[in-house]
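*Asks:* Here it is, the structure in full.
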Amino acid sequence: MKKNLFIIGNGESRKYHELDHLNLYGKIYGCNALYRDFTPDGLISCDWKMQHEIHSSGYCSKNKCYFKSWKRLPSDFYDMMMMTSLAEDVTKDLNVQLKEAGLPTLEHFVYENERGNKKECVVQGINAEQVAYVLQKLIQEYKMDSFDVKEKLGNAGLFINWVEEKDKIEDIDQFFDGEHKGWASGPTAVRVAIEENPGIASSNVFMLGFDMKTGGKVNNIYKDTDCYISKDCKYVGSSN
């Protein structure tokens with residue numbers, strides 16, 4: 001039995017560590033885009049767009065994942081869950097604002113992997129009405145410029161995930177018996193690792209790449225890539 005737990009964050013400090021070497025000493029849990037470079041014992045994601053990317057890649061068919069709000073629905077619910085229609089004049093006005101913010105127009109806010117003959121789907125994200133609400137709030141209430149709006153809304157959309165029965169995905173909400181507190185993927189990965197391995201967790205738990213910045217620009221190995229904010233953005237707070 002492996003006697004250590006390693007939880008991998010995506011802060012830039014971890015790029016100095018050889019993750020493959022850690023396999024010799026314990027079990028490894030990580031989060032989000034870590035799967036692009038390394039296969040941990042468990043991969044945790046709480047972000048809709050990131051989950052959609054991971055699932056669409058085929059990674060989940062062979063590797064254990066823990067996703068937030070991963071509720072399977074029968075295919076019959078598909079049409080019911082599609083984006084709510086907005087009045088034509090409202091849609092036109094909203095698309096103008098989205099273009100000004102450098103964002104895709106509404107027809108591009110639906111992300112869907114190949115359906116094939118799959119009989120179940122997981123639907124996540126926000127529909128057109130919610131996009132309109134959030135956009136107005138960012139511009140009018142928070143007075144954000146187009147750059148900030150683009151960064152904040154960059155991962156918005158409706159994500160349709162057609163799932164296989166063999167997918168190795170565990171719903172985080174169910175894993176925690178409905179007690180998930182809305183934490184980000186990093187701290188959630190720590191909790192998953194500890195609760196799934198109580199015997200190991202009582203001895204040694206090591207965290208790498210949890211840099212906890214309190215100033216400057218964003219600190220993340222995957223900045224400037226899909227599902228992540230750009231290198232010019234302000235640091236991401238550690239409050240959640």
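The values are calculated or read from the model by the stated rules, or taken from the named source; none is laboratory data. From a predicted model like this one, the values you see are computed outputs, not experimental measurements. Note: ideal-geometry Cβ built from the backbone for every residue, glycine included; neighbour counts use all protein chains shown. Surface areas here come from the heavy atoms of the whole protein model, side chains and all, with no ligands, DNA or RNA. Shrake-Rupley method; radii C 1.70, N 1.55, O 1.52, S 1.80 Å.
Here is a yes/no grid of residues against (1) more than 17 Å from Leu34 (Cβ to Cβ); (2) loosely packed, with under 15 Cβ neighbours inside 10 Å; (3) touching a strand residue (DSSP E or B) at 6+ places or on another chain (Cβ under 6 Å):
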{"residue": "Ala184", "(1), (2), (3)": "no, no, no"}
{"residue": "Arg191", "(1), (2), (3)": "no, no, no"}
{"residue": "Ile194", "(1), (2), (3)": "yes, no, no"}
{"residue": "Ser203", "(1), (2), (3)": "yes, yes, no"}
{"residue": "Leu208", "(1), (2), (3)": "no, no, yes"}
{"residue": "Met212", "(1), (2), (3)": "yes, yes, no"}
{"residue": "Gly215", "(1), (2), (3)": "yes, yes, no"}
{"residue": "Asn219", "(1), (2), (3)": "no, no, no"}
{"residue": "Lys223", "(1), (2), (3)": "no, no, no"}
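*Asks:* Those residues that are over 12 Å from Tyr66 (Cβ atoms) and not aromatic (Phe, Trp, Tyr), I need them from the range 22-40; list them, please.
*Replies:* The answer is Leu22, Asn23, Leu24, Gly26, Lys27, Ile28, Ala33, Leu34, Arg36, Asp37, Thr39.
*Asks:* In addition: Being under 22 Å from Asp37 (Cα atoms), at pLDDT below 90, assigned to a loop (DSSP other than H, G, I, E, B) and out of contact with any helix residue (DSSP H, G or I) (no Cβ under 6 Å at 6 or more places or on another chain): is that true of Lys231 here?
*Replies:* It is true that Lys231 is under 22 Å from Asp37 (Cα atoms), at pLDDT below 90, assigned to a loop (DSSP other than H, G, I, E, B) and out of contact with any helix residue (DSSP H, G or I) (no Cβ under 6 Å at 6 or more places or on another chain).
*Asks:* Among the residues of the range 28-61, which ones are under 16 Å from Trp162 (Cα atoms), open to solvent by 40 Å² or more (accessible area, probe 1.4 Å) and outside any helix (DSSP H, G or I)?
*Replies:* Ser57, the sole residue that qualifies.
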